[in-house]
């Protein structure tokens, strides 16, 4: 398949979606607060393309909340990640085409696995994966205890893996 950029309102007929992996530690409920449309300027791994920066608030129960900025690149190289996100927030069923419905994204809820990565000596909270709705844990405070209260910020764009 030829690599190319996606448009904001595109439908992907056969997204190559990877399996969802559930990690009991670090899995937290979230709500999408809002998103911003933007542009990725390109890098060694990914050419210029549209980009959505999604602001996701995680609930850590007694630990409070944290917001993570997560970048979604609208490019054929990231089809599986896009399909996972839209399935994880309930806007796509397994086996269905991927139709970008950005107006419906704010307010969507789901679960995701959070991780921590180091960059230039600092820790950043990362979303490792979105949890398939069929495999989401029950929302119990005991499942929320591993979240951090620290507000996170995305690293500089030149630090991204793409």
### Query
Mind checking whether some residue in segment 62-76 is at pLDDT 90 or above and assigned to a helix (DSSP H, G or I)?
yes
### Query
Can we say residue 12 is under 22 Å from residue 132 (Cα atoms), modelled with pLDDT under 90 and buried (at least 17 other Cβ atoms within 10 Å of the Cβ)?
yes
### Message
With part of a helix (DSSP H, G or I) and either out of contact with any strand residue (DSSP E or B) (no Cβ under 8 Å at 6 or more places or on another chain) or at pLDDT below 90 (or both) as the only criterion, which of 138, 142 stands out?
### Response
142
### Message
Can you find, within segment 99-133, the residue that is nearest to residue 59 (Cα to Cα) among those that are free of Cβ contacts under 8 Å to residues at least 40 places away in the same chain and assigned to a helix (DSSP H, G or I)?
### Response
104
### Task
Using the structure shown, decide if residue 96 is surrounded by fewer than 21 Cβ atoms within 10 Å (Cβ to Cβ), in contact with a strand residue (DSSP E or B) (Cβ under 7 Å, 6 or more places away or on another chain) and either without any contact (Cβ under 8 Å) to a residue 40 or more places away in the chain or over 20 Å from residue 12 (Cα atoms) (or both).
no
### Query
From the residues in segment 24-39 that are in a loop (DSSP other than H, G, I, E, B) and loosely packed, with under 13 Cβ neighbours inside 10 Å, which one is modelled with the lowest pLDDT?
24
### Answer residue from segment 46-61, given it is outside any strand (DSSP E or B) and modelled with pLDDT under 95 and is nearest to residue 9 (Cα to Cα) among those
60
### Message
It is to be established whether one or more residues within segment 115-128 are more than 22 Å from residue 4 (Cβ to Cβ) and at pLDDT 90 or above.
### Response
yes
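The values are calculated or read from the model by the stated rules, or taken from the named source; none is laboratory data. Predicted model only: the values in this text are computed from it and were never measured. Quick reminder, even Gly has a Cβ in these numbers, built from the backbone with ideal geometry, and neighbours come from all protein chains shown.
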